[in-house]
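First up is the structure itself, then whatever we jot down about it.
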Amino acid sequence: MPRLSTVEELTEFRQELVATREANRPCVAICAGAGCLASGASEVIAAFKAELAAQGLEAEIDTRGTGCPGFCERGPVVVLHPEGICYLQVKPDDVPEIVAQSLKGSKVVERLLYADPATGERAIHESDIPFYQHQERTLLSSNILIDSRSIDDYLAIGGYTALVKALFEMGPEAVLEEVKQSTLRGRGGAGFPAGRKWEGSRNAPDTPRYVLVNADEGDPGAFMDRALLEGNPHAVLEGLMIGGFTIGAQEGYIYVRQEYPLAVKNVLHAITQAEAYGLLGQDILGSGFDFTIKVHKGAGAFVCGESTALMTALEGRVGEPRPKYVRSNIKGLWGKPTVLNNVETWANVPHIVNRGADWFTRTGTEHSKGTKIFSLVGKIRNTGLVEVPMGMPLQDIIYDIGGGIPGGKKFKAVQTGGPSGGCLPEEMLHLEVGFDELTAAGSMMGSGGMIVMDEDNCMVDVARYFINFLTEESCGKCLPCREGLRQMHRILTRICEGNGRAGDIDTLEELSEVLTEASLCGLGQSAANPFISTLRYFRAEYEAHIEQKRCPALACKGLISYWIDPEKCKACLICMKRCPSQGIEGGKKQIHVIDQEKCDRCGVCFEVCPEKFSAVVKLSGEPVPESLPMAERTLVRGSGK
Amino acid sequence: MSDIHLQIDGKEVHVTEGMTVLEAAQQARIAIPTLCYHETLEPYGGCRLCIVEVEVNGWSRLVVSCVYPAAAGLIVRTRSAQIDRIRKTLLEMLLAHAPDSPVLQELAAEYGAQRDRFAQEASFCIHCGLCVRYCAEVKQAHAVGFIDRGIRKEISFIPEIAARECHDCKECFPLCPTSYVQAAYVLVEALVALR
Amino acid sequence: METVKNFDHVDQIIDAHQGEASSLIQIMLDIQAENHWLPQEALARISKRLAVPLTRVQHIATFYKAFSLVPKGRHQIHVCMGTACHVRGAPRVLDTVEDLTGIQPGETDADLKFSLETVNCLGCCALGPVIEIDGKTHGNVTTARTEDVLKSYK
């Protein structure tokens, strides 16, 4: 590993790398992100290595485990370079065929290509797939090109050129100006202008100063930062170094949640490599700039994603937030000026330095510039990470990129902003994504979680779910959050169990005011949002639960009953065998009847009843029909019964 | 130390830099309710009862006065329909824990808080943190601390340290608004005696 | 270590972090990872060597979900309760796991076979509902499949 002490040495080294890597050198790129690994990607990688060796091709064709390209629904994802042929849901057994057909030969393996769900038409190249076509993948497109554990790969695609430009051509003031002009807003949730935050720290008289990466990513259902940090850690390091240089910090910290062991591993490895190359440490490339980065793991607390709680945790204490009347960019970590930004915010910085604020502001809405990565999950065909320009309408993201709702179900709501955000109904699908646009509609951008829900999801249950989550995660220091969430959780649980009372909605609204106005930190201040937004758009569901003891979505266990329609039951015995409570009576030609006393409402019978019969029915707000008397339960073949 | 002029409930108040709005109000003998505040301890900002409305450059917001720095030109209102409503609900949530606490009953009377609005809770502790903070900051004995988080958070005496320090101290007892710390101590004293 | 007979392991980890009080959480994470739980004696040792009050060490050990003050089972079951998994039916899966193992999240069964925890998001949302057992991710778990998944662990 060379130690690069000047810009010239780095430039020369980079040129050598590019020269020795022919642009057209064949390479098999397999996504090695946590999602694809969970679907068996390491076995696929091993299979390729083995097959290429068996065919004597390992010297000509590289195999590379790469960062996450985002099409998680169809993983493991394999892309053959230089052609750009993209194979989906690849299994180890498929590998010999791929090698024979597409690497030795020049044919495609049709069944592994993306197929349009409506026409069946196949897409050969990554760039032909609609999922990718509608995106603008400034940050994510590099992931499939590099081995996340190779600094050389990052350098070969132009990595660390922004750092060089900042250190040697621009200087801290010019970089600050560029970031301010770009109007880059924080991608972690609050959307605060990064340039203004940096300026506050740069001008604060106190030293030392610190730059921090918030990689706690606690919003459940959001995994953008995981893909960035795992997939392209050097991009985040480069952004952090530029930020440190700009505000005059010599130390950076990356706070990563410990639930992301691969991200921790990859970023530690990247730091070690950067140090070995002299890109971190003292007098970087002869610029006079010293900078070191340390990694701190989270220990399982959502509240540590809040900036002051994160800093308190970095100091080795419990993650209890501090009042923000003096901003943390003035008095933050150890009481010193500290810039904390989200992973995605930092990843944008090298692009802004290299391409300029003018380039950045060409994309987006008036007050929300650039792109945003969303984790599109839930009841959606194409689950995964999507990077889109700010201003794209929600329906384009959900239908054009996401492929719409699977199973012939109807869209009901899309939840954005994590536990601090809200649910938006069908009539809001035209909304253009942007910070202020989402907030005005009663939700928020948050870190980028976008959870799609369909007709089978109960919105009262969704509110209860988020309040339950926040009750577990509240640090407990302040009264409104600790006790307010306790009471809200109790009421919402009662409602979902069928014990809602008149006045419950009023009490929930009063508690929401206390939480919003009097809580110590952002967790409590935004905790009522899931309730407030679902009440705003789905009030009828709340009223049905409370007044009619009915769950319109047929989801809340306490409000539904399972019943077998005797007209449809074919006495196949499957549900009888699978019922964990042994609660179904019947026999070989005896139609099955659920014993309502024994029924646990687990839903297994509903799941296992063959689709062609669909005899199990969910009921809510109405009594279960009387069971047929024993004598009438005999199934007569051919009777249509 | 510069002189700061601000207004609290229409009254002109002069304080020195570094003081909080609560301290300014106390100096001007304007009453703001508190539970977690104590003059020997660092402000905690936990109970939120001292919440007030501040107006700066025409913008109004609610802040907790025990932590908010007094600043020149600040216009402070210690009571309003919204503030009273919030304090009432905060007190009702506390009364669910300690309905017989004299301190809480007095405040409840002033704000119309109902003792049985919310179902009775098992623990008297209202998490003002006075015992923990006093033992840490003033006595530096660290005999009692917090454990866990959220609704599972509670105070916990460390038996070995309590056995050494508490018998001749007990200075936290009069600080506790609900007498919970005395109960917790008696329990740990019994545990230590059993060993 | 069942109970701590000597503190070599603990001391080694503390020394690796230069005995820095601000590394308290990192030190405890390393001990938890190696030992699978934090015995009371280990907490006292940490308090002494780093010169931080035992109340602070105890608060950290109970505040953060990564730490356990009781021994764990042979197999760690993590049921993802993230929003994406929730809308795809994770609560039913959790109910089934609870019924089959006889324990609630945070508990370990009497044979020390299974420990159960809920986690907030493993970042594998495309595979939801997700259960992770001993680091291995099982995706697309339905209530019906849960029993089969658990049966494979001895």
Out of the residues in segment B:147-179 that are charged (D, E, K, R), within 14 Å of chain A (Cβ to nearest Cβ) and open to solvent by 30 Å² or more (accessible area, probe 1.4 Å), state the one that is nearest to B:Q105 (Cα to Cα).
B:E154
In segment A:97-116, is there at least one residue being in contact with a helix residue (DSSP H, G or I) (Cβ under 8 Å, 6 or more places away or on another chain), among the hydroxyl-bearing types (S, T, Y) and open to solvent by 50 Å² or more (accessible area, probe 1.4 Å)?
no
For segment B:86-124, enumerate the residues that are of a type in the set (D, E, K, R) and in a helix (DSSP H, G or I).
B:R87, B:K88, B:E92, B:E106, B:E110
Can you give me the number of residues within segment A:432-478 that are assigned to a loop (DSSP other than H, G, I, E, B), among the small types (G, A, S) and out of contact with any helix residue (DSSP H, G or I) (no Cβ under 8 Å at 6 or more places or on another chain)?
1
Just the residues that are surrounded by fewer than 22 Cβ atoms within 10 Å (Cβ to Cβ), more than 15 Å from A:A309 (Cα to Cα) and touching a Ser or Thr at 6+ places or on another chain (Cβ under 6 Å), please, taken from segment A:511-528.
none
Do you know which of the residues in segment A:117-156 that are β-branched (V, I, T) and open to solvent by less than 80 Å² (accessible area, probe 1.4 Å) is modelled with the lowest pLDDT?
A:I144
Test: B:A183 is assigned to a helix (DSSP H, G or I), away from chain C (no Cβ under 14 Å), open to solvent by 50 Å² or more (accessible area, probe 1.4 Å) and touching a residue at least 12 places away in the same chain (Cβ under 8 Å)
yes
When you look at A:D216, is it in contact with a Gly (Cβ under 6 Å, 6 or more places away or on another chain), over 16 Å from A:A274 (Cα atoms) and buried (at least 22 other Cβ atoms within 10 Å of the Cβ), yes or no?
yes
Within segment A:433-469, track down each residue that is in contact with a Cys (Cβ under 8 Å, 6 or more places away or on another chain) and touching a residue at least 60 places away in the same chain (Cβ under 8 Å).
A:S443, A:M453, A:C458, A:M459, A:V460, A:D461, A:V462
Matching residues in segment A:226-255 - criterion: being within 14 Å of chain C (Cβ to nearest Cβ) and open to solvent by 10 Å² or more (accessible area, probe 1.4 Å)
A:E251, A:Y253
Within segment B:72-96, work out how many residues are more than 10 Å from chain A (Cβ to nearest Cβ) and open to solvent by less than 40 Å² (accessible area, probe 1.4 Å).
5
If you check A:V295 against the conditions, is it closer than 16 Å to A:Y210 by Cβ, within 12 Å of another protein chain (Cβ to nearest Cβ) and at pLDDT 95 or above?
yes
Of all residues being over 20 Å from B:R152 (Cβ atoms) and either at pLDDT below 95 or touching a helix residue (DSSP H, G or I) at 6+ places or on another chain (Cβ under 6 Å) (or both) in segment C:52-74, which is nearest to the other protein chains (Cβ to nearest Cβ)? Just the residue, please.
C:V52
Touching a helix residue (DSSP H, G or I) at 6+ places or on another chain (Cβ under 8 Å), assigned to a loop (DSSP other than H, G, I, E, B) and either buried (at least 24 other Cβ atoms within 10 Å of the Cβ) or away from chain B (no Cβ under 14 Å) (or both) - does that describe any residue in segment C:75-87?
yes
What number of residues within segment A:439-466 are closer than 23 Å to A:R381 by Cβ, more than 11 Å from every other protein chain (Cβ to nearest Cβ) and either out of contact with any Asp or Glu (no Cβ under 9 Å at 6 or more places or on another chain) or among the β-branched types (V, I, T) (or both)?
2
Every residue from segment A:540-553 that is crowded, with 19+ Cβ neighbours inside 10 Å and not acidic (D, E)
A:Y542, A:A544, A:H545, A:I546, A:R550, A:C551, A:P552, A:A553
Can you report the number of residues in segment B:50-74 which are out of contact with any helix residue (DSSP H, G or I) (no Cβ under 6 Å at 6 or more places or on another chain) and in contact (Cβ under 8 Å) with a residue 12 or more places away in the chain?
13
So, in segment C:25-49, exactly how many residues are farther than 15 Å from A:A299 by Cβ and open to solvent by less than 10 Å² (accessible area, probe 1.4 Å)?
2
Wholly enclosed strands (runs of 3 or more DSSP E) of segment A:561-641 bearing at least 1 residues over 27 Å from A:E541 (Cβ atoms) and of a type outside the set (V, I, T):
A:584-587, A:590-594
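Table: residues versus (1) over 22 Å from A:L167 (Cα atoms); (2) more than 14 Å from chain C (Cβ to nearest Cβ); (3) open to solvent by 10 Å² or more (accessible area, probe 1.4 Å).
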| position | (1), (2), (3) |
| --- | --- |
| A:H269 | yes, yes, yes |
| A:G281 | no, yes, yes |
| A:G288 | no, yes, yes |
| A:R322 | yes, yes, yes |
| A:Y325 | yes, yes, yes |
| A:W359 | no, yes, yes |
| A:I373 | yes, no, no |
Residues of segment B:16-31 being within 24 Å of A:P321 (Cβ to Cβ) and buried (at least 22 other Cβ atoms within 10 Å of the Cβ), which ones?
B:V21, B:L22
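The values are calculated or read from the model by the stated rules, or taken from the named source; none is laboratory data. Please read these numbers as outputs of a predicted model, since none were measured by experiment. Note that we place each Cβ from the backbone using ideal geometry, even for glycine, and neighbour counts take in every protein chain shown. In case anyone asks, the SASA skips ligands and DNA or RNA and just uses the protein heavy atoms, side chains included. Shrake-Rupley method; radii C 1.70, N 1.55, O 1.52, S 1.80 Å.
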